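**Q** What follows is a single structure, and I will ask about it in a moment.
Values in this text are rule-based calculations from the coordinates and carry no lab data. What you see is a predicted model; the values in this text were computed from it and never measured.
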Amino acid sequence: MSKTPPSGPPAHPPAPHVLTGELARVRVAIARAKDDLAQDRMPDLADLRSMVAGVCATALHGAESGGAPDPAKASALEAMLAELEVLEDEVRKFRDRLAKQGRG
């Protein structure tokens, strides 16, 4: 009989430090993307979106697994999503500017 792990997410909520670490990594990635824009470089939003999706999945898994909601982390997640929306808008403006200059 083979010992294969059960499919699906684990039954227990993720440890609190997991979400904290993921939020910190996303904040760093957002800062790098803003720096890229400030230096007229196109940031890689695909990786950033993937990271944000991972953070949201971790938070959702914690909630579905009966983990106690953490208002500070929920607030940080909301702020991160709002910051991503602003960043995506700035990238659209950057692309438009490049297109007008004939570089896009």
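**Q** Mind jotting down the three principal axis lengths of the stretch 20-104 based on Cα atoms? Whole angstrom, largest first.
**A** Sorted largest first, the three principal extents are 53, 18, 17 Å.
**Q** Would you kindly state how much longer the chain becomes between residue 27 and residue 85 on full extension, computed as 0.36 nm times their sequence separation minus their alpha carbon distance, in nm to one decimal? Provide the component values of the computation, followed by the final result.
**A** On the way: separation 58, 0.36 × 58 = 20.88 nm, distance 1.35 nm.
Length gained, residue 27 through residue 85: 19.5 nm.
**Q** Shifting gears a bit: In whole percent, what relative contact order does the stretch 16-101 give with Cα contacts below 8 Å and a gap of six or more residues? Numbers along the way, then the final one.
**A** On the way: 42 pairs, mean separation 33.1, N = 86.
The normalised contact order for the stretch 16-101 reaches 38 percent.
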